1. On a C-alpha basis, how far is the centre of the range 84-109 from the centre of the range 113-162 in Å? Whole number, if you could?
2. Grab the DSSP H runs of the chain that are 4 residues or longer, score each as -39,500 (n - 2.57), total them, divide by all residues and round the 222 nm result to the nearest 500 deg cm²/dmol.
3. In vacuum, with every alpha carbon of the chain counted as one equal point scatterer, what does the Debye formula give for log10 I(q)/I(0) at q = 0.11, 0.14, 0.15 Å⁻¹? Two decimals, please.
4. Quote the FRET efficiency, to the nearest 0.05, computed for N49 versus R99 with a Förster distance R0 of 30 Å and r equal to the Cβ-Cβ distance.
5. Tell me the label-point distance for the pair R156, D20, using the 7 Å Cα-to-Cβ offset, in nm and rounded to one decimal.
6. Quick check on packing: order 110-118, 151-159 by the mean number of other C-beta atoms within 10 Å, highest mean leading.
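Since every read-out is calculated from the coordinates, none of them should be taken as a lab result. Predicted model, so just to flag it, every value in this text is computed and none were measured. Note that we place each Cβ from the backbone using ideal geometry, even for glycine, and neighbour counts take in every protein chain shown.
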Amino acid sequence: MKKSLVPLLLSIAWPLQAADVLDQKNIGMELARDIASETISACRAEGYNVSAVVVDRHAIVRAALRDDLAARFTLEIAERKANMTVMAWMDSGEFRKLRGDIRPDLNQIDGIIVMEGGVKIVAGGYNIGAVGVSGAPGGDKDAACARKALEKLAERIEFAFD
């Protein structure tokens, strides 16, 4: 091999290596808290007592709120719905409809549940997390509360990253 080709080959191979430091877009605590709070407020307006859990893009809990009269187990169910959303990167209800064939198997995995009520959070084109809701009389109503909260905070979410 000619010596003049070595620098060229090295310059091509260098970018193919994994980065030593990652720069990732992820949801911050304040935004997560406000999404959870607005979700509970949206459900309260409909007469539902729910829990809302916001997880980041790695399914790590960033905010968890349980309304005063929401059942104790709604926190865990909401978190599992949010985790399912992160795993699939689509709303949990949509995934449930598309992949009913594997739902029983996935429900055996610790930390996720294939139920409607998990909604992804996207900012600036990046999947930055998900909100899971539990406690309304049906997952469709859980998801509707989350969507109302995301709509209310849409401008803030969209411009969260410069």
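1. Distance between centres, Cα-based: 16 Å.
2. It comes out at -13000 deg cm²/dmol, rounded to the nearest 500.
3. Reported log10 I(q)/I(0), two decimals: -0.46, -0.66, -0.73.
4. Numbers: r = 30 Å, r/R0 = 1.00.
So the FRET efficiency works out to roughly 0.50.
5. 3.8
6. Numbers: 110-118: 22.3, 151-159: 13.6.
Order by mean packing, descending: 110-118, 151-159.
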